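Below is one structure, written out as structure tokens; comments come after it.
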Amino acid sequence: MTNPLLNLLKPYPFARLREAMSDISAPEGLAPVPLHIGEPKHATPKVITDALTASLGELEKYPLSAGLPELRQACADWVFRRYDGLTLNPETEILPVLGSREALFSFTQIVLTHRADNKDIVISPNPFYQIYEGATLLGGGEIYFVNHQAPRFMPDWSSVPDTVWQKTKLVFVCSPDNPSGSVMQLQDWQALFELQDRYDFIIASDECYSEIYFDGKKPIGGLQAASQLGRTNKGIVMFTSLSKRSNVPGLRSGFVAGDAQLLKDFLLYRTYHGSAMSIPVQRASIAAWNDEAHVEENRRLYQEKFDKVVPILQQAFDVNMPDASFYIWLKVPDGDDLAFARNLWQKAAIQVLPGRFLARETDNGNPGQGYVRIALVADVDTCVQAAETIVSLYRPTR
């Protein structure tokens, strides 16, 4: 008999997409154009592969769960540079993890208290990254979804009843947001911190898209916002990763930072969980966090794609540049996101993700319905050609 909580897990968005497309085919002879999944396609930087291969001899060593001191220091140095002098103690306020996905899941397990008669509530944006939901359910908690509100596509915290806040143990924040690319501003953080002061919950700030931004407008981070507002990082943990920043999703490397007591408890959990990062991956990660040249080039490539693709899409759709990330959150003309995705696949072999698969139905409807997520992860020419094809299928007739 396995854990009955596993029965609560929903199919992942991509599994739902495969099922939804199972009865149709792309045109014969056309290669699929995968714009549905946020997997970076830019080349892995040489500075990272060189550091990885140079340290393969250290595979013979057991790594520590806390990571190498040099890695924690590299992460702290990056935070200092990236967030305008934000200073963290690498010994107590930084912890390397195997990518943000693994950490978001496992961190939730140390927060929830597994009381069957009085479940802790976890608040999640809606649409959302499905790990938030799975981690909550397997941790014995109850998830409460807060719908995004157009046009900013930020969660409407004011819609949460007081009775829910009183039982809330953890709030997930995703900024830059997946799927909309919206970014929380300082006033948004201040409003959330005021709620935290009132109801005493923990904030898990998912910032894995923080380094893909446009026109030099760097997104503010949760710990940075707290510092600017004269607060400590008590009750706040940020999650970040090299996957999108450095085009190494297969490296499985990131770090968490923030509240020292929470990270102390998290390290204890991880020591038992067996999630230490191999030393060669740590060496490669040190090289990655210490180098910004490849990140700037990565950003330049995304900027080029968005600068070319968005004006094309605007010929047929009401769409604007996101604040950050590599996603376009496209409102479909007739409101049927699934039909839109099926049409693109059946007529042009283009894969996009229906927004309804990234959200849950609430009393106020499914906030993802009527939108599709387009990931501009392919090369520039592929993205431009795909945009032109989509427009040709949907440009209004005169």
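Between F214, F193, which is open to solvent by less than 10 Å² (accessible area, probe 1.4 Å) and either farther than 28 Å from Q303 by Cα or modelled with pLDDT under 95 (or both)?
F193
Applying a threshold of 6 Å to beta carbon distances and a minimum spacing of six or more residues, or different chains, the list of pairs starting in segment 168-196 at a residue that is under 25 Å from G140 (Cβ atoms) and ending at one that is among the acidic types (D, E) reads K169/D120; C174/D206. Restricting attention to segment 130-148, the residues that are out of contact with any strand residue (DSSP E or B) (no Cβ under 7 Å at 6 or more places or on another chain), free of Cβ contacts under 8 Å to residues at least 60 places away in the same chain and open to solvent by 10 Å² or more (accessible area, probe 1.4 Å) add up to 1.
No other residue among V295, V309 is open to solvent by less than 10 Å² (accessible area, probe 1.4 Å), under 19 Å from the mean Cα position of the chain (by Cα) and of a type outside the set (G, A, S) apart from V295. Among the residues of segment 73-101, those that are of a type outside the set (A, V, I, L, M, F, W, C), out of contact with any Gly (no Cβ under 7 Å at 6 or more places or on another chain) and open to solvent by 20 Å² or more (accessible area, probe 1.4 Å) comprise Q73, D77, R81, D84, G85, T87, N89, P90, E91, T92, R101. Residues that are at pLDDT 95 or above and surrounded by fewer than 23 Cβ atoms within 10 Å (Cβ to Cβ) within segment 102-124 comprise E102, F105, S106, Q109, I110, V111, L112, D120, I121, listed in sequence order. One residue stands out among those in segment 24-49 that are part of a loop (DSSP other than H, G, I, E, B) and among the β-branched types (V, I, T): the one that is nearest to V377 (Cα to Cα), which is I37. A Cβ distance below 9 Å, combined with a sequence gap of six or more or placement on separate chains, defines the contacts here; from segment 1-18, residues that are in contact (Cβ under 8 Å) with a residue 24 or more places away in the chain reach no residue that is open to solvent by 80 Å² or more (accessible area, probe 1.4 Å) and of a type in the set (V, I, T). If you go through segment 371-388 and pick out every residue that is open to solvent by less than 10 Å² (accessible area, probe 1.4 Å) and part of a helix (DSSP H, G or I), you end up with 3.
Could you say whether any residue in segment 333-346 is under 25 Å from K41 (Cα atoms), under 21 Å from the mean Cα position of the chain (by Cα) and not acidic (D, E)? No, because not a single residue in segment 333-346 is under 25 Å from K41 (Cα atoms), under 21 Å from the mean Cα position of the chain (by Cα) and not acidic (D, E). Does any residue of segment 96-117 turn out to be touching a residue at least 60 places away in the same chain (Cβ under 8 Å), assigned by the TED database to the domain that holds G216 and among the aromatic types (F, W, Y)? The answer is yes; a qualifying residue exists.
Quick check, is L35 open to solvent by less than 70 Å² (accessible area, probe 1.4 Å), touching a strand residue (DSSP E or B) at 6+ places or on another chain (Cβ under 9 Å) and closer than 25 Å to Y302 by Cα? Spelling it out, L35 is indeed open to solvent by less than 70 Å² (accessible area, probe 1.4 Å), touching a strand residue (DSSP E or B) at 6+ places or on another chain (Cβ under 9 Å) and closer than 25 Å to Y302 by Cα.
The values are calculated or read from the model by the stated rules, or taken from the named source; none is laboratory data. Everything quoted here is computed from the prediction, not taken from an experiment. Neighbour counts are summed over all protein chains in view; Cβ atoms, including those assigned to glycine, are modelled from backbone coordinates with ideal geometry. Protein only, heavy atoms only, side chains kept; ligands, DNA and RNA dropped before computing areas. Shrake-Rupley method; radii C 1.70, N 1.55, O 1.52, S 1.80 Å.
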